[in-house]
Amino acid sequence: MPSKGIDFANLSLMDALDLAILVEDEALVRYEDFAAQMDQHRTPDAAKFFRYMAENEAKHGEQLAVRRAELFGSAPPTVSRALIFDIEAPDFDAARAFMSPRQAMQAALASEVKAHAFFVAALPVLKNAEVKALFEELRDEEILHQDLVKVELAKLPPDSGLSDDDFVDEPAAQ
Amino acid sequence: MSATCEFQAKDYKSDLKPIWCPGCGDFSVVQGIYRALAAIGRPPHEIAFVSGIGCSSRIPGYTTAYGFNTIHGRALPIAQGIKLANPDLLVLAAGGDGDGFSIGGGHIAHLVRRNIDITYIVMDNQIYGLTKGQLSPTSQKGRVTCTSRFGSLEQPVNPLLYMLAYGAGFVAQASPTDLVGMAAIIEEAIRFPGFSFVNIQSPCVTYGEEAQQIKGLKAISESLVALGHNPADRLAAMDLAQHYGEKMHLGVFYRNPEPAPTYDGLVRERQALLSKDALPKERILDLFIKK
Ligand SMILES: Cc1ncc(C[n+]2csc(CCOP(=O)(O)OP(=O)(O)O)c2C)c(N)n1
Ligand code: SF4
Ligand SMILES: [Mg+2]
């Protein structure tokens, strides 16, 4: 499981919400990084899509933050970023120079699948009924997110047929 | 030292936009460094970050620390000079496998034996990335590159074993497959009083081999903690380090339980001892003139 020492069995609702917010935030930052990488390499369409994903993650994070504030006010969090890694964020190497929008969407789809698997794997270990309900909700949301990306994918014209290798110089001895 | 206010990872991120290929493993390394520095909490102006030449050696520019992108293979001697000139600085050195183990390989033994208190981070991608994919000293035997068209005939060097054999007090390995672990290892390396080394398997997505990309690395990674390895046991560390290239052990191989005195510390002591008899600067040449 891509997490470090989360005590799922004893997770409180507040901690679960805080972790969910961190998961969204981690994905948001990674998508922003990917968008910046695409800008840097003059790949505006992929950058635009990664920004769209970053905005979505920000929206989900804000919704969770509102719920957390309603339920627990400003109680200081007891979980930290160090407990999670790459749950909804795409892998560092999922970005590529000159990605087509289709490749960018496929990378995002793969991370939504990964996030879904995380919640599915955690569910049997949870004991707290409220946390279980939250994780079930988050698991189902990942399916909705996957559908959103699939809708965007369906709108695309066919790819050019160029592969990554078409953009990489043949290495030359220096 | 003025580590009174709290720093966050973003405080160590500069405005310079990395020009690494999208997906390059070095993006994760810089994130790991931001997090480790935030955990240490030293303000950026108290940190000097030195590198050689290579894609990975661009890393100091992406931090808010004082950076020095030096010359190929010379990060370590320059880092040593900085540490001796101003021992209060937190000094980091970084670079690639080519920079560190090929052209710069001769420097390692001397920094290690002097035990200069710096942290050396190598982004090991088994290739010369910047110059477009030539054989590096850590490339596997048989590797086909533009300088080994029919496959490399050479055995790669083993950076972990190198460092352990030279007597480094802290030797560890990390990878972008575990950013949290990477940040913790870099933090621990910085906190170690003496020369510390972190080898980071950082994939080159453009010229690197498929097996050395994140998926491939995940498949061969094993946590040293999960293996029950005792990092105080140098011989056990050497035994595990022999698997470099086949398995990817993540964590601390060796941490000297009784760290040796550092050269920079000894120099300070000597300076304190002799400074009362020292000549004023304007008479320093008298030392070289026969009376
Ligand atoms: C004295 C000298 N020799 C050779 C070079 C050319 N050169 C620049 S970077 C490099 C190797 C880069 O490989 P590595 O250190 O592994 O870094 P990476 O780009 O893979 O991160 C070489 C040979 C140089 N700049 N200076
Ligand atoms: S050539 Fe390789 S090492 Fe250099 S920036 Fe690109 S992916 Fe990274
Ligand atoms: Mg290299």
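The values are calculated or read from the model by the stated rules, or taken from the named source; none is laboratory data. All values derive from a computational prediction rather than experimental measurement. Reconstructed Cβ throughout: ideal geometry from the backbone, glycine too, with neighbour counts over all protein chains shown.
Just one of the numbered conditions (1) within 14 Å of another protein chain (Cβ to nearest Cβ); (2) in a loop (DSSP other than H, G, I, E, B); (3) more than 16 Å from ligand 3 (Cβ to nearest atom) is not true of B:VAL205: (3). Whether a residue is out of contact with any Phe, Trp or Tyr (no Cβ under 8 Å at 6 or more places or on another chain), within 14 Å of another protein chain (Cβ to nearest Cβ) and either within 11 Å of ligand 1 (Cβ to nearest atom) or closer than 14 Å to B:LEU130 by Cα (or both) was assessed, and B:CYS55 does not pass this test.
Among the residues here, B:ALA183 qualifies as part of a helix (DSSP H, G or I), in contact (Cβ under 8 Å) with a residue 40 or more places away in the chain, surrounded by 20 or more Cβ atoms within 10 Å (Cβ to Cβ) and touching a Lys or Arg at 6+ places or on another chain (Cβ under 7 Å).
On the basis of being in contact with a strand residue (DSSP E or B) (Cβ under 9 Å, 6 or more places away or on another chain) and farther than 21 Å from B:ALA237 by Cα, does B:PRO176 make the cut? It is true that B:PRO176 is in contact with a strand residue (DSSP E or B) (Cβ under 9 Å, 6 or more places away or on another chain) and farther than 21 Å from B:ALA237 by Cα. Pairs meeting the criteria (first residue in region B:67-95 and part of a helix (DSSP H, G or I), second residue within 11 Å of ligand 1 (Cβ to nearest atom), beta carbons under 7 Å, at least 6 apart or on different chains) are B:ALA75/B:SER51; B:ALA75/B:GLY52; B:ALA75/B:ALA94; B:ALA75/B:GLY95; B:ALA75/B:ASP99; B:ALA75/B:GLY104; B:LEU76/B:GLY104; B:ILE78/B:THR70.
Determine, yes or no, whether B:GLY73 is on the phi > 0 side of the Ramachandran plot and away from chain A (no Cβ under 14 Å). Yes; evaluated as a whole, the condition is true for this residue. The set of residues in region B:208-229 that are within 12 Å of chain A (Cβ to nearest Cβ) and touching a helix residue (DSSP H, G or I) at 6+ places or on another chain (Cβ under 7 Å) comprises B:GLU210, B:GLN213, B:ILE214, B:GLY216. For region B:122-162, a residue qualifies if it is touching a helix residue (DSSP H, G or I) at 6+ places or on another chain (Cβ under 7 Å), aliphatic (A, V, I, L, M) and within 13 Å of ligand 3 (Cβ to nearest atom), and the qualifying residues are B:VAL122, B:MET123, B:VAL157.
The residues of region A:75-116 that are away from chain B (no Cβ under 14 Å), surrounded by fewer than 17 Cβ atoms within 10 Å (Cβ to Cβ) and among the small types (Gly, Ala, Ser) amount to a single one, A:ALA75.
The numbered conditions (1) in contact with a helix residue (DSSP H, G or I) (Cβ under 9 Å, 6 or more places away or on another chain); (2) within 16 Å of ligand 3 (Cβ to nearest atom); (3) not charged (D, E, K, R) are all true for B:ASN115 except (2).
The set of residues in region B:226-258 that are outside any helix (DSSP H, G or I), small (Gly, Ala, Ser) and in contact (Cβ under 8 Å) with a residue 24 or more places away in the chain comprises B:ALA232, B:GLY245, B:GLY251. For region B:96-134, a tally of residues being within 15 Å of the chain's Cα centre (by Cα), surrounded by 22 or more Cβ atoms within 10 Å (Cβ to Cβ) and not in a loop (DSSP other than H, G, I, E, B) returns 14.
If I filter region A:3-24 down to residues being within 12 Å of another protein chain (Cβ to nearest Cβ) and surrounded by 17 or more Cβ atoms within 10 Å (Cβ to Cβ), which single residue comes out as modelled with the highest pLDDT?
A:LEU22
For region B:3-47, the candidate set comprises residues that are hydroxyl-bearing (Ser, Thr, Tyr) and out of contact with any Leu (no Cβ under 8 Å at 6 or more places or on another chain); within that set, the residue that is modelled with the lowest pLDDT is B:THR4.
Screening A:ALA82 against (1) part of a loop (DSSP other than H, G, I, E, B); (2) modelled with pLDDT under 95 leaves a single unmet condition, (1).
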